[in-house]
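Scroll down for the structure; my scribbles are underneath it.
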Amino acid sequence: MSVLRHGPFKVPRLTEDHPLYGRLLAREAEKLASLPDFSDDKGLIILSDFGGEHKGADFATYSILICSADKRIVFEEKTKELRIKHGLNDPWKEFGFKDLSYGPISRSLEEFLRLADNFIHGVLISISVDQRIPSLFGLKKKEAHNQIAELFRKNNLGEWKGKESEKVLRVCHAISVFISLIAYADQKILWLCDHDSINVDGNNRDYTHTQKIFLHCLSMYSDKVYDIYGFAKPFKKDAGTTDLLSVADFSAGIIQEILQSKVTKKNVEFSNEKAMLARWMGTRSAFLTKVNLAFIQKDDGTWDVGSVDIKAKLAQP
């Protein structure tokens, strides 16, 4: 059984009808040396977490883990043992970037990351967007957001505010590009999204609208027929899916600090735990492929995307 598929990878021919954001993502995806081989898998799980919305953040971060549903059991069993070992079940505590200094999480972090590298068959995609970029779907922020929101209204896709309308498109296009490359026809796909503004339930919008937007985006990049078997929010105190989602949470959190340190040249202090995460992000794994992309605004006001080359020695304490 092959673990990886080697490039070049090809998405269906993209035209001007596809947003520039999607075309650039596809361009970078096609450059990758390898991606997971899911040809023997019956199902895939997509887990997503987002960051960079706090004050002072220079990048919005979108972290997406796409992994084998069939092979996840070993990782889940190993992390259950790790939780018991470090007392993370009573009281219940999630592995989270904001809680890195919490004793049991700090002491178990190195082993948790090793388990992720060795027992998750998948790809961890981190997409960072320079906050100076007004919109990835138009030249002017307000105009682009109004157009997206109006498009959603006309197509019965819910009532969206400008910021959230752009965010849901950023996420759905990114997932769709990579699903078109690595998923096979008739595979079952579940998207588990952390609690976020793009999946809240309100008077004029709910999570079903996000699901419809995703399916529309997916059809733009792939003509395969998938067995979409679910969209979900995190399950309460479910160690298996929670610990998988924590991988995306760690990625979304640390990539923000890496880029602020290396791109915007801010003085970022890396704790031992953050340094460990940064080194992990820059270390190759035989089973968990890590893809780090960043959209950066250039001095002339235009923007482009490129791969973030994180050196394993980047954050040695």
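The values are calculated or read from the model by the stated rules, or taken from the named source; none is laboratory data. Keep in mind that this is a model prediction, so the values were computed, not measured. All Cβ positions, even for glycine, are placed from backbone atoms using ideal geometry, and neighbour counts span all protein chains on display. Note: areas computed on protein heavy atoms with side chains; ligands, DNA, RNA excluded. Shrake-Rupley method; radii C 1.70, N 1.55, O 1.52, S 1.80 Å.
Inspect all residues belonging to region 124-133 and state whether any of them is open to solvent by 20 Å² or more (accessible area, probe 1.4 Å), in a helix (DSSP H, G or I) and not aliphatic (A, V, I, L, M).
No, region 124-133 has no match at all.
Among the residues in region 29-50, are any in contact with a Ser or Thr (Cβ under 9 Å, 6 or more places away or on another chain), among the basic types (Lys, Arg) and part of a strand (DSSP E or B)?
Within region 29-50 (the criterion being in contact with a Ser or Thr (Cβ under 9 Å, 6 or more places away or on another chain), among the basic types (Lys, Arg) and part of a strand (DSSP E or B)), the answer is no, since none of the residues qualifies.
Might you check whether a residue that is of a type in the set (S, T, N, Q), in contact with a Phe, Trp or Tyr (Cβ under 9 Å, 6 or more places away or on another chain) and either open to solvent by less than 50 Å² (accessible area, probe 1.4 Å) or at positive phi (or both) occurs anywhere in region 289-297? Steps first, please.
Taking region 289-297 as the starting set, the residues that turn out to be of a type in the set (S, T, N, Q) are 289, 292, 297.
Then keep just the ones that are in contact with a Phe, Trp or Tyr (Cβ under 9 Å, 6 or more places away or on another chain); that gives 297.
Cutting the leftovers down to either open to solvent by less than 50 Å² (accessible area, probe 1.4 Å) or at positive phi (or both) gives us 297.
Within region 289-297, one or more residues are of a type in the set (S, T, N, Q), in contact with a Phe, Trp or Tyr (Cβ under 9 Å, 6 or more places away or on another chain) and either open to solvent by less than 50 Å² (accessible area, probe 1.4 Å) or at positive phi (or both).
List pairs: first residue in region 6-17 and within 30 Å of residue 287 (Cβ to Cβ), second residue among the hydrophobic types (A, V, I, L, M, F, W, C) and assigned to a loop (DSSP other than H, G, I, E, B) anywhere in the structure, Cβ distance under 8 angstrom, at least six positions apart or on different chains.
Going by the 8 Å Cβ cut-off, the qualifying pairs are 6/33; 7/32; 7/33; 9/32.
Residue 247: of a type in the set (A, V, I, L, M, F, W, C), open to solvent by 30 Å² or more (accessible area, probe 1.4 Å) and either in contact with a strand residue (DSSP E or B) (Cβ under 9 Å, 6 or more places away or on another chain) or farther than 19 Å from residue 93 by Cα (or both), yes or no?
no
Take region 207-244 and flag every residue that is open to solvent by 40 Å² or more (accessible area, probe 1.4 Å) and among the aromatic types (Phe, Trp, Tyr).
229, 231, 235
Here's the yes/no breakdown for (1) closer than 17 Å to residue 287 by Cα; (2) out of contact with any Pro (no Cβ under 9 Å at 6 or more places or on another chain):
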| site | (1), (2) |
| --- | --- |
| 28 | no, yes |
| 31 | no, no |
| 34 | yes, yes |
| 49 | no, yes |
| 55 | no, yes |
| 73 | yes, yes |
| 89 | no, yes |
| 95 | no, yes |
| 116 | yes, yes |
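Could you look through region 68-86, keep only residues that are touching a helix residue (DSSP H, G or I) at 6+ places or on another chain (Cβ under 7 Å) and of a type in the set (A, V, I, L, M, F, W, C), and pick out the one that is surrounded by the fewest Cβ atoms within 10 Å (Cβ to Cβ)?
74
So, in region 101-123, exactly how many residues are open to solvent by 10 Å² or more (accessible area, probe 1.4 Å) and either β-branched (Val, Ile, Thr) or more than 30 Å from residue 4 (Cβ to Cβ) (or both)?
6
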